[in-house]
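Presented below is the structure to which this report refers.
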Amino acid sequence: MKTGPIALTPRVHGVGGMVSFRDKLVEGLTRRGIRTTGDLSDPDIQAALVIGGTRAVGKLARLRRRGVPIVQRLDGMNWLHRHLQTGVQHWMRAEIGNWLLNLIRRRLAGRIVYQSRFSQRWWHRVYGQAAAPSVVIHNAVDLQRYHPDGPHERPAAFYRLLLVEGSLQGGYEVGLRNAVSLASRLRQGHGLDVRLSVAGNVSPELKTSFSEAGAVEIDWLGLVPGENIPRLDRSAHLLFSSDLNAACPNSVIEALACGLPVAAFDTGALAELVGPAAGAITPYGGDPWQLDPPDLATLARGAAAVLENQANYRAEARDRAEALFDLDVMVEKYLQVLL
């Protein structure tokens, strides 16, 4: 049996879903004594995992000719740029990114891992079913690290609504607008003292615009290091998952593991991840693919019910994570696909 490293590509740094997934997978593999490398030229590679896409298609092709198994892990695809004015350069990068993802999916991957059933259906609908066999493996977390018990500063005098995204720019500003509108409706329509905490990269202009509007009190946290996320999740009453048509957001899984219920519109994989009892997943009220105005009133009613019945929803959130999102189980599933 080969004992060489597993190659992970591309090399990603900073924050965001790809970085979070890679770090957690490497941690799980290391605990099993399995080495990893970012060097696709390593002659001892026993398998390669492409986390989304990479421009190193020539190196992947050479690995394929050597008989090295290539697995591609697929999220969703770029789509917001087709409906919003995000600029020519952003449009070009998004379209090239989609083309590259599908090139690897069609021509180089021997197996494909979709992060959710929603993601699998989306790729099949847009680009057709690839010849390579596929499997769905949800993202996961270390349930001992992401846990309801631990240090926190959850306020007793008001409800903290939390929004966690890597970036709320490049078309994702709509998620911030919905978060502010949700918090405002909970305050004005349901009489709940709700304050919004935003973790993620937000432009100074956008911060100024929302702060001056004064609809709700907003705590701008900036980019929060991954090691601080469990404490942040434990310090909130409800997570609002703002990304429309999300394939498998890590922020949702991390929140559930920390016993933090989730509110979101029923788009993407949200209902698939949260289920019926660990939060409030309500109908969007229009076509999210066309960015129709959402049904915020229904979402606010669901969110209010969660806030007013914290104990039950927090317990259900943790139960959901233990049943579906254990990191050790995820790593074993990836090893089965890779090796």
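The values are calculated or read from the model by the stated rules, or taken from the named source; none is laboratory data. In this text the structure is predicted, and so the values were computed from the model without any measurement. Using ideal geometry, Cβ is built from the backbone for each residue, glycine included, and neighbour counts are taken over all protein chains shown. We work out accessible area using only protein heavy atoms, side chains counted, and drop any ligands, DNA or RNA first. Shrake-Rupley method; radii C 1.70, N 1.55, O 1.52, S 1.80 Å.
Mind listing whichever residues of segment 185-220 are of a type outside the set (S, T, Y) and under 15 Å from S251 (Cα atoms)? Outline the logic, then answer.
Going residue by residue through segment 185-220, those that are of a type outside the set (S, T, Y) are 185-196, 198-202, 204-207, 210, 212-220.
Matches in segment 185-220: V198, A199, G200, N201.
Find the helices (runs of 4 or more DSSP H) located wholly in segment 197-301 whose residues include 2 or more that are closer than 22 Å to A323 by Cα, and list them. Steps first, please.
Details: elements: 204-213, 229-234, 250-257, 270-274.
It comes to 229-234, 250-257, 270-274.
Of the residues V194, V135, V174, only one is touching a strand residue (DSSP E or B) at 6+ places or on another chain (Cβ under 9 Å), open to solvent by 10 Å² or more (accessible area, probe 1.4 Å) and on the phi < 0 side of the Ramachandran plot; which? So that I can check it myself, show each step before the final result.
On the way: V194 fails: open to solvent by 10 Å² or more (accessible area, probe 1.4 Å); V174 fails: touching a strand residue (DSSP E or B) at 6+ places or on another chain (Cβ under 9 Å).
Just a single option satisfies the conditions, and that option is V135.
Of the conditions (1) under 18 Å from V262 (Cα atoms); (2) open to solvent by 30 Å² or more (accessible area, probe 1.4 Å); (3) in contact (Cβ under 8 Å) with a residue 40 or more places away in the chain, L223 satisfies every one except a single condition; which number is it?
Unmet for L223, out of (1) under 18 Å from V262 (Cα atoms); (2) open to solvent by 30 Å² or more (accessible area, probe 1.4 Å); (3) in contact (Cβ under 8 Å) with a residue 40 or more places away in the chain: (1).
Confirm whether S242 is out of contact with any Ser or Thr (no Cβ under 9 Å at 6 or more places or on another chain) and either on the phi > 0 side of the Ramachandran plot or touching a residue at least 60 places away in the same chain (Cβ under 8 Å) (or both). Spell out the reasoning first.
Working: out of contact with any Ser or Thr (no Cβ under 9 Å at 6 or more places or on another chain): yes; either on the phi > 0 side of the Ramachandran plot or touching a residue at least 60 places away in the same chain (Cβ under 8 Å) (or both): yes.
It is true that S242 is out of contact with any Ser or Thr (no Cβ under 9 Å at 6 or more places or on another chain) and either on the phi > 0 side of the Ramachandran plot or touching a residue at least 60 places away in the same chain (Cβ under 8 Å) (or both).
Identify all residues within segment 52-107 that are open to solvent by 90 Å² or more (accessible area, probe 1.4 Å), under 27 Å from G268 (Cβ atoms) and part of a loop (DSSP other than H, G, I, E, B); write none if there are none.
R55, Q85, listed by residue number.
Out of segment 138-171, which residues are of a type in the set (F, W, Y) and either touching a strand residue (DSSP E or B) at 6+ places or on another chain (Cβ under 7 Å) or open to solvent by 50 Å² or more (accessible area, probe 1.4 Å) (or both)?
Residues of segment 138-171 that are of a type in the set (F, W, Y), as a first pass: 146, 158-159.
F158, Y159, listed by residue number.
Looking only at segment 108-136, count every residue that is closer than 30 Å to G275 by Cβ and assigned to a helix (DSSP H, G or I) and tell me the total.
Residues meeting the conditions: 11.
For T208, only one of the following conditions fails: (1) among the β-branched types (V, I, T); (2) open to solvent by 30 Å² or more (accessible area, probe 1.4 Å); (3) touching a Lys or Arg at 6+ places or on another chain (Cβ under 8 Å). What is its number?
Checking T208 against (1) among the β-branched types (V, I, T); (2) open to solvent by 30 Å² or more (accessible area, probe 1.4 Å); (3) touching a Lys or Arg at 6+ places or on another chain (Cβ under 8 Å), the one that fails is (3).
Given the condition without any contact (Cβ under 8 Å) to a residue 12 or more places away in the chain, in a loop (DSSP other than H, G, I, E, B) and of a type in the set (S, T, N, Q), answer yes or no: does some residue in segment 307-315 qualify?
Yes.
Which of the residues that make up segment 268-311 are charged (D, E, K, R) and more than 26 Å from W79 (Cβ to Cβ)?
Pass one, segment 268-311, residues charged (D, E, K, R): 272, 287, 292, 295, 301, 308.
Within segment 268-311, R301, E308 meet the criteria.
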